[in-house]
Amino acid sequence: MDIEKLISEMTLEEKASLLSGDDFWHTKAVERLGIPRTMLSDGPHGLRKQDQGGDHLGVNDSIKAVCFPAASATAASFDREVLRKIGEGIGDACQHEDLSVILGPAVNIKRSPVCGRNFEYFSEDPYLAGELAAALIQGVQSRNIGTCIKHFAANSQEHRRMSSDSVVDERTLREIYFPAFETAVKKAKPWTVMCSYNRLNGEFASQHHWLLTEVLRNEWGFDGYVVSDWGAVSDRVKGVAAGLDLEMPGSGRTNDIRIVNAVKDGKLDEKNVDESVRRILAIIDRYESNRRPDTPWDMEAQHDLARELAAECMVLLKNEDGVLPISSAEKVAVIGKFAAAARYQGGGSSHINSFKVESLLDALEGNENIIYAQGYDTVNEEPDEIMITQAVAAAAKADKAVIVAGLPDSFESEGYDRTHMRMPNCQNELIRRVAQANPNTIVILYNGSPIEMPWINEVKGVIEAYLGGQAVGGATKAVLWGDVNPSGRLPETFPVHLEDNPSYLTYGGEGNTAVYSEGVFVGYRYYDKKKVNVLFPFGYGLSYTAFTYSNLTVSAPSIKDTDTLTVTVDVTNTGEIAGKEVIQLYVQPPVCGVFRPVRELKGVEKISLAPGETKRVAFTLEKRAFAYWNQDLHDWFVPTGAYTIEIGRSSRDIELTRTVEVTGTVSAPTEPLTVNTIFMDLQKYPKAMEALKPLFGKAMGAISNSEEKSGFEENASEESAAAKEAISEEMGDAMMRYMPLRGIVSFSGGFVSYDQLQEIIDKLNQE
Ligand code: BGC
C-alpha cells in the first residue's frame, strides 16, 4: 500500500470516514481506492468474534472458540512463556478467522479487590503486569495479528466507568498506573492501544493530548493507532487533535461529519486527520500484507494447551500435613456445583463461546474412587440443608473431600464492582460442615479476584485456581492428583478484610470523582509498609517439592545509576519430585525524604528443576529498578544511597539480601534560596553552606550564651555538666536543622542585619 499516495488521493470526507468504525467490529473500506474493511474483536482470553449481532457486553453470541485461562489466572503463572503460548494460539485463530486485531491484553492495575474486571487484569504490581502483557503481545504479533493493549489509563474501577474522573498524581501514574503500558509499548510494540472510558485528572482519556500524544507517542515511541474503548468518545474533534485515531463503534457517521466541518471551519488542522489516517492505514496494510487465511485453527490442540497452561497457573495456598497430592488409591468425595459446571471465565466483553468445557467431573470420568455431591447451587446464596447433608454424608465416607467453590458469575463481571469480598453463605457453610465431617478437606477456588476465607483454619488444603479457562477441570485434576506440581504465585495480596485494602477509604469515588488517594501505596506496597496482617501475601504459593536459595551475588558493590547491575542466585530443588520455582527479586530503597514502599518487585524468573538439581538465575537491573518519579524533575530519579537487593518467596518472605551503593548522577532541582530556606536544606547548596554556616554558628553561639547568662549551669556537678553538653549538642543540632536562614538575624543579637543577609542570599542565587 502506498499510504502517502492514498492520502493524497482521498477526499476530506473519505479520510474522516476512516476514523470511525463501519459497524461494531469493522473499520471502513474506501472501495474507490482499494482500502479494505478490517475486523477487530475481543479478546483477550480467546476469540469473541461476533458474526451477527454485535455488542460489547458479551450479550449476543459469538462463534465457537477456545477459552484460555483469564488474565487473573495467567498472571499467577508468573511465567512469560505461558502468555506467549496463549498469544500464539490466539494469533493463529485470528489469522484463520480474518481478524486484524485482538482487543487485549487488559493491564489495568488491581487497585482494589472488588473491581469487577479484576479477573481480566493481571496484577496489583505494574512490573509483573507489564512483563506478562509484553509476552502475550509478542505471542499474538508473532502471527502478524495486532494486539490492542487496554484500557489506557487509570481505569481501575467499573463503578461509573464511562463518566468517572480518576484523580491521580503524576508520580503515582508514572510508578503504578503507567508502567504496564509503558513496558509493553517499549518491549513488544503493540499495533494498537485502546484508550479507557474514564476521565483522567479532569479530561476524558479519549481526548487527552498529554496521555495519547505526549506520553504514549512522544515519550514511549508508540507508532500504531489508538482506538477508543467502545463508546468512549465524548468530543470527537478534540479527540482527533489529542491523538485518538479510530472511534469504535462508529457513531453512525455523525462524528465523521463533525470532523469534516471542524476542518472546514478551521477548528481542526487537516494534518491531524492525515496523521490518524496514516496510522490506521499502516496497521491495515501490515495485516493485509501478512494475511494467512489458510492458517489451521486446531481447537482440540488448543484445548489441550489451555489445560496444560491452566495447571501452570494454580496457586497452592495451603497444604497442611501434605494432604495433597491425592493418591490414586484414595477414595475422594468431590463436592460442589463448580466441579460439574466449572466457572472458568468472567462476564462481559471477554466472554468466549467455548467449543467445549471440561469440568473436574469430566476429567475424572471412569474413576471409581470418586463420589460426587453438588453441595450448593449458584442461584441461592443461603445454604440448602438437603444438599449440605448429602455432601457431608459423601465426605464422611471418603478418605479426602475436595470442595470446588468460588464466586458465581453474577458476583464479578465487567460493568460493575463487587460490594464485598465474601463468597456466598451457602459455600462457606458447606465448607465448614464438610471439614467437620472429614479432616482431610481441600478447597479449590474458581474466582477472578480475592475472597475472604473464614474457614481457612478448618481445612487442610486450598488451591486458588482463578478462572482457568475451558479446560480448567483437567488442570484441576492434574494438580490435585499430582500429575502437575503446582507452581503458581499470587499476583495480588489477599487481605484478611476488604477494609484493610489501601483504597478502601476512597474506592469508587464521590460522584464522578475518584481520587486515588493512597498514591503509590497500592497492594503489597501498602500492606508491607503498614505491616498489616494479610491472608496471603503478594507472590505467595507453595509446591509439592522444596527449594533453597544460595550464593546471591551482585556484579559490583557500588554502581552509578547509569550502570547496569547483574544479580545471580542459585536455586536448588531439595525435594523428591520435579517442580518449578518462581524467583522474585525485590529492591528496597534507602530512606530518603520521599515516601517510598518498603520494597518493589523488579525481577521475576521461573525455572524448572529436577530433584536435587541446582540452577543459577540471573537478573539485570537498570536505573528504573532504583528510581522513583520525581515530580520536580518530571523524570525518574535515583537518590544516592544503599539499596538492598532481596530475593524472596513472596513480598513477606525474603530469603537472601545484598546491599549495593547506588550513586545518582542527576541532581534534584533546587529552589532558589530565600530567607525561609532551612538549614537542613542548605546541604543541597554547597556554596551557600560554606558561606552561611559560620553565620549560623554565630547565631547559635548567641543562644547558648544567653542560656548561660540565665544561670542554667548553676549547681551543676561535673557529670551533669557532661550530660548537658551532650543533650545540648543534640538539641542544638535539632534546632539548627529546622532553623530558617532568617534565624541568623533573629538570634545573632544584631550581628547580621536583614539587609545584609538578603544581600548574601541574592549573591549566592546568582552564582
Ligand atoms: C470494553 C472493552 C472491549 C470493548 C469491545 C468495552 O465495553 O471495555 O474491553 O474490548 O467493549 O467489546
Report task. Pairs of Cα atoms under 8 Å, at least six residues apart: use those to get the relative contact order of the chain, whole percent. Result -> 13
Report summary line: Whole-percent tail of the Cα-Cα distance distribution for segment 1-119, cut at 16 Å, equals 68
Query raised in the report: What residues have an amide H closer than 5 Å to that of residue 513, excluding those fewer than 5 places away on the same chain, when H is modeled at 1.01 Å from N in the peptide plane?
Result: 165
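List the residue ranges in the chain for DSSP H helices whose C-alpha atoms run 27 angstrom or more along the long axis and whose Kyte-Doolittle average is -0.5 or above.
Details: long enough: 686-709 (34 Å, -0.39); 718-737 (28 Å, -0.61).
The answer, listed by residue number, is 686-709.
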Query raised in the report: Convex hull volume of the Cα atoms in segment 304-536, per residue, in Å³?
Result: 134
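Compute, for segment 511-577, the length of the dipole vector about the Cα centre, with Cβ point charges of +1 (Lys, Arg) and -1 (Asp, Glu) only. Units Debye, rounded to 20. Before the final figure, lay out the partial values.
Values: 5 positive and 6 negative charges, 66 e Å.
The calculated dipole for segment 511-577 is roughly 320 debye.
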Query raised in the report: Which values of log₁₀ I(q)/I(0), to two decimal places, follow from the Debye formula for segment 523-589 at q = 0.11, 0.19, 0.29 Å⁻¹ with a uniform point scatterer at every Cα?
Result: -0.43, -0.98, -1.22
Report task. Taking the Cα centre of the chain as origin, sum charge times position over the Cβ atoms of Lys and Arg (+1) and Asp and Glu (-1), and report the length of that vector in debye to the nearest 20. Result -> 620
Requested in this report: Obtain the nm distance between the two label points defined at residue 574 and residue 515 by a simple spin-label model: each point lies 7 Å from its Cα along the Cα-to-C-beta direction.
Outcome: 5.0
Report task. Give 110/187; 460/530; 28/49; 187/238 a once-over and call out the pairs whose C-alpha atoms are over 26 Å from each other. Result -> 460/530; 187/238
Query - Accessible area, probe 1.4 Å, largest first, for residues 92, 51, 98, 245 - result: 51, 98, 92, 245
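Quick one: pull the percent of accessible area on segment 304-536 belonging to carbon and sulfur, 1.4 Å probe, ligands and nucleic acids left out.
Of all accessible area on segment 304-536, carbon and sulfur atoms account for 47 percent.
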Report task. Sort 330, 499 from largest to smallest accessible area, using a 1.4 Å probe on the heavy atoms of the protein chains. Result -> 499, 330
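Just want to confirm a number: the relative contact order over segment 304-536, from Cα pairs under 8 angstrom separated by 6+ residues, in percent. Don't skip to the end; give the middle numbers.
On the way: 452 pairs, mean separation 69.1, N = 233.
Contact order relative to length: 30 percent.
For segment 428-502, state the semi-axes of the equivalent ellipsoid (square roots of 5 times the eigenvalues of the alpha-carbon gyration tensor), sorted largest first and rounded to whole angstrom. Don't skip to the answer; put the middle values down first.
Values: eigenvalues 89, 73, 22 Å².
In descending order the semi-axes read 21, 19, 11 Å.
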Report task. Quick one: grab Rg to one decimal and Dmax as a whole number for segment 51-145, Cα atoms only, in Å. Result -> 13.8, 39
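Can you put 25, 481 in order of accessible area, largest first, using a 1.4 Å probe? Don't jump to the answer; show the numbers that get you there.
Values: 25 10, 481 40 Å².
The ranking, largest first, comes out as 481, 25.
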Requested in this report: With no solvent and one equal point scatterer placed on each C-alpha of the chain, evaluate the Debye formula and give log10 I(q)/I(0) for q = 0.04, 0.06, 0.09 Å⁻¹, two decimals.
Outcome: -0.21, -0.45, -0.88
Query raised in the report: At a probe size of 1.4 Å, how large is the accessible area of residue 411, to the nearest 10 Å²?
Result: 30
Query raised in the report: Measuring from label point to label point, each 7 Å out along Cα→Cβ, what is the residue 458 to residue 734 span in nm?
Result: 5.3
Query raised in the report: Along the three principal axes, how long is segment 553-643 when you take its alpha carbons, biggest first, rounded to the nearest angstrom?
Result: 54, 23, 19
Query raised in the report: How long is segment 615-695 along each principal axis, judged by its Cα atoms, biggest number first, in Å?
Result: 60, 27, 22
Query - Distance between modelled label sites at residue 665 and residue 328, nm, 7 Å Cα→Cβ extension - result: 6.1
Report summary line: With 0.36 nm assigned to each residue of separation and the Cα-Cα distance removed, residue 31 to residue 755 gains 252.8 nm
Report task. Report the FRET efficiency, 1/(1 + (r/R0)^6), for residue 380 and residue 51, where r is their Cβ-Cβ distance and R0 is 35 Å, rounded to 0.05. Result -> 0.45
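Nearest 500 deg cm²/dmol is fine: what mean residue ellipticity at 222 nm does the chain get from its DSSP H runs of n ≥ 4 alone, each adding -39,500 (n - 2.57), divided by its residue count?
Taking each H run of at least 4 residues, the total per residue is -9000 deg cm²/dmol.
Please compute the volume of the convex hull spanned by the alpha-carbon atoms of segment 457-542 and report it per residue in Å³.
Spelled out: Cα convex hull of segment 457-542, divided by residues, is 141 Å³.
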Report summary line: Here the FRET efficiency for residue 409 versus residue 632, based on Cβ atoms and R0 = 35 Å and rounded to 0.05, is 0.15
Requested in this report: Rounded, prolate or oblate: pick one for segment 144-256, where a ≥ b ≥ c are the square roots of the eigenvalues of its C-alpha gyration tensor, a/c under 1.5 means rounded, and failing that, prolate if a/b is larger than b/c, else oblate.
Outcome: oblate
Query raised in the report: If ligands, DNA and RNA are left out, what is the accessible area of residue 110 with a 1.4 Å probe, given in Å² to the nearest 10?
Result: 10
Report summary line: With all protein chains in place and a 1.4 Å probe, residue 49 shows an accessible area in Å² (nearest 10) of 30
**Report entry** Between segment 271-310 and segment 132-211, the Cα center-to-center distance that results, in Å
**Finding:** 20
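From largest to smallest, what semi-axes in whole angstrom does segment 250-371 give when each is the square root of 5 times an eigenvalue of its alpha carbon gyration tensor?
Details: eigenvalues 580, 70, 44 Å².
They are 54, 19, 15 Å, listed largest first.
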Report task. Could you tell me which of the pairs 189/529; 186/602; 331/606; 477/580; 318/606; 684/763 are separated by over 26 angstrom between their Cα atoms in the structure shown? Result -> 189/529; 331/606
Query - Cβ-Cβ FRET estimate between residue 300 and residue 142, R0 fixed at 22 Å, reported to 0.05 - result: 0.50
Query raised in the report: Hey, if you put +1 on the Cβ of every Lys and Arg and -1 on every Asp and Glu Cβ in segment 238-387, which of 295, 359, 280 ends up farthest toward the positive end of that dipole?
Result: 280
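The values are calculated or read from the model by the stated rules, or taken from the named source; none is laboratory data. Keep in mind it's a predicted model, so treat the numbers as computed, not measured. Reconstructed Cβ throughout: ideal geometry from the backbone, glycine too, with neighbour counts over all protein chains shown. Surface accessibility is based on the protein's heavy atoms, side chains included, excluding ligands, DNA and RNA. Shrake-Rupley method; radii C 1.70, N 1.55, O 1.52, S 1.80 Å.
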